[in-house]
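Quick notes on the structure that follows.
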Amino acid sequence: EIMGDLTMIVVAKIDTSKNMHTIAGKTVDGFGNWTNYTDWSMIVGTNNAASNITASSETGKSASHRNITSDRFYILTMNYDESSIQSYTDGVLIEEHATSLTLGHNQNFAIGYSQSSGRELKGNILEIIVFDQDLTDSELVNINYYLSKKWGLQATVDSDSDGYTDYEEINANTDPKD
C-alpha cells in the first residue's frame with residue numbers, strides 16, 4: 001500500500017512507433033478503472049519521431065521525460081511528494097511542477113496495462129523499482145549509478161546530473177556519484 005510520497009524508477013526501451021501506451025501505474029480494481037485524484041501512472045505519448053513519457057496523476061499535474069527514442073534503454077524516474085512532481089531521464093531532472101497530490105491506496109499496480117484499450121505497452125522493461133517515499137538527491141544518485149552499472153548504461157546515464165555521463169567520469173578518474 002502506497003500513501004503520500006512516491007518514487008518510481010523504470011529501466012525501459014520504448015517502441016516509439018506506437019502512439020500511446022502505459023508503462024506502469026495504479027488502478028482501483030486491476031482492470032484499468034481509475035478514480036479521480038488518487039491515481040498515478042507513467043505513460044508514453046509518441047509523435048513517431050520521439051516520445052514524451054509523462055508521470056501524471058488524475059489531478060492533471062504531470063512532469064515529462066522528453067525526446068525518448070526507440071534505439072536504447074533509459075532510466076526514467078518520477079518523484080511525487082505532497083507538493084510537487086518531478087521527472088528525471090538518465091539521472092537528469094527534466095521537469096518539476098508544484099502540485100497538491102494525495103496518492104490513493106488499496107489499488108492494484110499495473111505494468112504495461114492501461115485503462116484504455118490499445119494502450120498496452122510496446123517495449124521492453126528491464127526493471128521497475130517503487131519506493132513509498134520521496135527519495136533524496138543522494139539516494140537517487142546512488143540508485144541511478146547502480147542501475148547504469150547493472151544494465152550497462154554508463155555511456156548514456158549521468159547519475160549525479162553534473163553534465164558528464166558515468167562513462168566520461170570513470171574515464172577521467174572522477175566519481176560518477178559526486
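The values are calculated or read from the model by the stated rules, or taken from the named source; none is laboratory data. Everything numeric in this text was worked out from a predicted model, so none of it was measured. So basically every Cβ, Gly included, is an ideal-geometry build from the backbone, and we count neighbours across all protein chains shown. Accessible surface is based on the protein model in full, side chains and every heavy atom, while ligands, DNA and RNA are left aside. Shrake-Rupley method; radii C 1.70, N 1.55, O 1.52, S 1.80 Å.
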Filter pass, residue 114 being open to solvent by less than 20 Å² (accessible area, probe 1.4 Å), within 18 Å of residue 8 (Cβ to Cβ), assigned to a loop (DSSP other than H, G, I, E, B) and modelled with pLDDT under 80: yes
Matching residues in segment 126-139 - criterion: being closer than 16 Å to residue 93 by Cβ and outside any loop (DSSP other than H, G, I, E, B): 137, 138, 139
Count of segment 48-95 residues which are in a strand (DSSP E or B), closer than 22 Å to residue 5 by Cβ and at pLDDT 60 or above: 20
Selection count, segment 12-25, where residues are modelled with pLDDT of 85 or more and surrounded by fewer than 22 Cβ atoms within 10 Å (Cβ to Cβ): 1
Selected residue (criterion: farthest from residue 89 (Cα to Cα)) from residues of segment 140-171 that are open to solvent by 60 Å² or more (accessible area, probe 1.4 Å), out of contact with any helix residue (DSSP H, G or I) (no Cβ under 6 Å at 6 or more places or on another chain) and hydrophobic (A, V, I, L, M, F, W, C): 170
